[in-house]
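J.: Dropping a structure here in structure tokens format, bear with me for questions.
The values are calculated or read from the model by the stated rules, or taken from the named source; none is laboratory data. Fair warning: this is a prediction, and the values are worked out from it, not measured in the lab. With ideal geometry, Cβ positions are generated from the backbone for all residues, glycine too; neighbour counts draw on all protein chains shown.
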Amino acid sequence: MRTEDLEPFRNVPFLLWAKDADGVYVWGNQTIDDLAGERVAGKPDSELAWADDAEALRRDDEQVLATGEPIFVHEHVQHSDRGDAVLSVCKWADELDGVPHAFGISFVIDSPS
């Protein structure tokens, strides 16, 4: 798969992204950009609105890259455009432009006021 192959998913109503082995987003759709309040591509979690949660998010990415097995988790992010949010997430490893990447797809399941 190539990065440009992801563009048809730019406007789907759930979060979809790909990160490289260093944890930097190489692609994110509009829904994750909206949640972050900015474009995520080119940035690691530690530079986004949910920086306080970056370490936990990174561990999940590293797990799928190390094992090659998908995981299904609930992740908590603070300081998103919805405030605190709990996400139902599936992460998996695959190649993008010939290089292993961590992919994720999720949706917000709880956004306490």
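J.: I'd like the full set of residues that are more than 21 Å from Leu48 (Cα to Cα) and of a type outside the set (Val, Ile, Thr), limited to the stretch 64-83.
T.: Passing the criteria: Leu65, Ala66, Gly68, Glu69, Pro70, Phe72.
J.: Looking for something closer than 15 Å to Phe103 by Cα and of a type in the set (Val, Ile, Thr) - is there at least one such residue anywhere in the stretch 33-50?
T.: Yes - at least one qualifying residue is present in the stretch 33-50.
J.: Of everything in the stretch 51-79, what is surrounded by 15 or more Cβ atoms within 10 Å (Cβ to Cβ), modelled with pLDDT under 90 and over 13 Å from the mean Cα position of the chain (by Cα)? Give them in sequence order.
T.: His79
J.: Residues in the stretch 16-38 that are within 19 Å of Leu87 (Cα to Cα) and in contact with a helix residue (DSSP H, G or I) (Cβ under 9 Å, 6 or more places away or on another chain): how many?
T.: Count: 9.
J.: Which of the following residues is in contact with an Asp or Glu (Cβ under 6 Å, 6 or more places away or on another chain), surrounded by 14 or more Cβ atoms within 10 Å (Cβ to Cβ) and in contact (Cβ under 8 Å) with a residue 12 or more places away in the chain: Leu6, Leu35, Leu48, Leu15?
T.: Leu35
J.: Please list, ordered by first then second residue, the pairs with beta carbon atoms under 7 Å, 6 or more apart or interchain, first in the stretch 84-105 and closer than 15 Å to Trp50 by Cβ, second part of a strand (DSSP E or B) and of a type in the set (Val, Ile, Thr).
T.: The qualifying pairs are Ala85/Val77; Ala85/Val108; Val86/Ile109; Leu87/Val77; Leu87/Val108; Leu87/Ile109; Val89/Val73; Gly104/Val89.
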